Every structure is written in C-alpha cells, then in structure tokens.
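Have a look at the structure below before the remarks.
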Amino acid sequence: MKMNKCPECGIYTLKDACPKCGGQLKVIYPPKFSVEDKYGKYRPIIINQQLYNHPLGMNLYNLNNSKDAIKIIKKAIVFEGEKSCLLYKSYFGIDNDISVACCGSSLSAYQIQLLVEAGAEEIIVAFDRQFQEIGDKEFQHLKSNLLKLHNKHKNFVKITFIFDKEMITGYKDSPIDCGPDIFLQLFKERIVL
C-alpha cells in the first residue's frame with residue numbers, strides 16, 4: 001500500500017481512488033531518508049499499512065496540567081514550544097501554571113476553543129521573537145499573522161500579545177527564555193488591541 005495524492009483535490013490517502021471526488025490518484029514517493037532532514041519530525045509515517053501522524057492544530061501541549069489553573073486565573077499563555085511551558089512552570093510553580101504550547105507558530109480555531117472551554121477569558125499569545133529588527137520583513141510577517149489571529153477571534157475571546165518591541169530578548173527567543181524578570185516585564189507590557 002502506498003501514499004497517494006489526488007491532483008484535483010490535493011487530498012492524501014491510502015485508498016485507490018480519491019475519497020472526495022473519486023478521481024485518479026498519483027503515488028507520492030517520500031524523499032530519501034536523511035538524519036539531517038529538518039522536517040522529518042513533521043512527516044507522517046506508515047508502518048505495516050497504518051498511517052501515523054500528529055495533527056498539531058488539534059493539540060495543546062501541557063493543557064492537561066494547566067487546565068485547573070486556567071479555570072481559576074481565567075488566562076492562558078500560549079507559547080510555541082514545549083520547553084517554554086517547562087520554564088514557566090519552574091519559574092512560577094505548578095499551581096500558577098497557565099501555559100500551553102501550540103508546537104509551532106500558528107494557533108488554530110480548535111486550539112482556541114479548547115482554551116475557552118478550559119475557562120480562559122484571555123488568551124495571551126507569547127510567540128518567539130521571529131524578527132531581527134523592528135520593521136523588517138520578518139517583523140511585518142509576524143505582525144500580519146498576529147493581527148489576522150486577533151481579527152478572526154476577537155468576538156469570541158480576548159486575545160493579547162507578548163511582543164518584544166524593545167528587543168530585550170534574542171532573535172528567535174521565546175519571551176520566557178531570558179528568565180522570569182524579563183518575562184514578567186514583557187507580560188505587563190503585552191499588547192491589548
């Protein structure tokens with residue numbers, strides 16, 4: 001059994017015909033295995049004709065641990081990486097842990113729904129500083145993505161942003177990477193639209 005893709009719909013499947021349009025499929029040949037493949041951890045894998053994948057937009061790392069505190073504090077902080085949740089918990093304690101990680105730089109409607117269902121009235125987006133200078137191309141891209149996120153969900157939940165406009169963290173650092181004092185400063189100065 002091989003992974004197939006419908007050229008019309010763009011759907012990937014293990015079936016012999018497209019489940020959406022019934023059209024002919026093309027066999028997808030995976031890239032050659034390489035230990036240095038920086039995208040390998042994101043690729044689905046087939047073992048004994050069973051497809052294994054991990055849809056990032058359907059999960060929030062640490063929600064199982066932080067949901068009780070989110071319910072009490074009514075806030076949730078969304079980091080990109082799991083490490084940031086571990087740092088947050090080590091700095092502020094298990095009882096104050098309102099951190100989750102979306103495991104990337106996007107937040108899906110389903111993930112927002114999970115946080116609202118957990119009791120969050122404010123979702124604080126604390127993504128990495130993905131720009132080298134204020135106003136550069138990366139800055140504009142990040143700003144645009146965050147504004148789209150806000151505009152899409154502003155009628156559903158309050159979304160605020162920890163955004164290092166003073167450049168006190170390093171390039172690609174999480175807001176919590178430079179310690180609790182810097183994080184608290186960025187938290188207090190978060191952007192409310």
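Okay, here's what the table says:
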read-out	value
Debye, to nearest 20: dipole size of the range 141-193, +1 on Lys, Arg Cβ, -1 on Asp, Glu Cβ	480
Order by protection proxy (mean Cβ within 10 Å, highest first), peptides 141-150, 58-67	58-67, 141-150
For the range 86-193, size of Cβ-based charge dipole, Lys and Arg +1, Asp and Glu -1, in debye	440
Efficiency of FRET between residue 190 and residue 38 - r from beta-carbon atoms, R0 30 angstrom, step 0.05	0.45
FRET E, pair residue 21, residue 137, Förster distance 30 Å, beta-carbon r, rounded to 0.05	0.20
Charge dipole of the range 1-123 about the Cα centre (unit charges at C-beta), most positive-ward option of 76, 51, 96	51
Two-decimal ratio, the chain, of alpha-carbon radius of gyration to 2.2 N^0.38 Å	1.21
Of the GluC sites (Glu not before Pro) in the range 8-113, those whose Cβ has at most 10 other Cβ within 10 Å and which sit in DSSP loop	36
Rg to Rh quotient for the range 34-132, alpha carbon positions, Kirkwood Rh	1.04
Positive-end residue of 65, 120, 12, charge dipole of the chain with Cβ unit charges	12
Magnitude of the charge dipole, the chain, Cβ model with Lys/Arg +1 and Asp/Glu -1, debye to 20	780
Per-residue [θ]222 nm for the chain (sum of -39500 (n - 2.57) over DSSP H runs n ≥ 4, rounded to 500)	-9000 deg cm²/dmol
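Taken together, the values in this text are just the output of simple stated rules run on the coordinates, not laboratory data. What you are looking at is a predicted structure, and each value in this text was computed from that prediction instead of being measured. Positions of Cβ are generated from backbone atoms using ideal geometry, with glycine treated the same way; all protein chains shown enter the neighbour counts.
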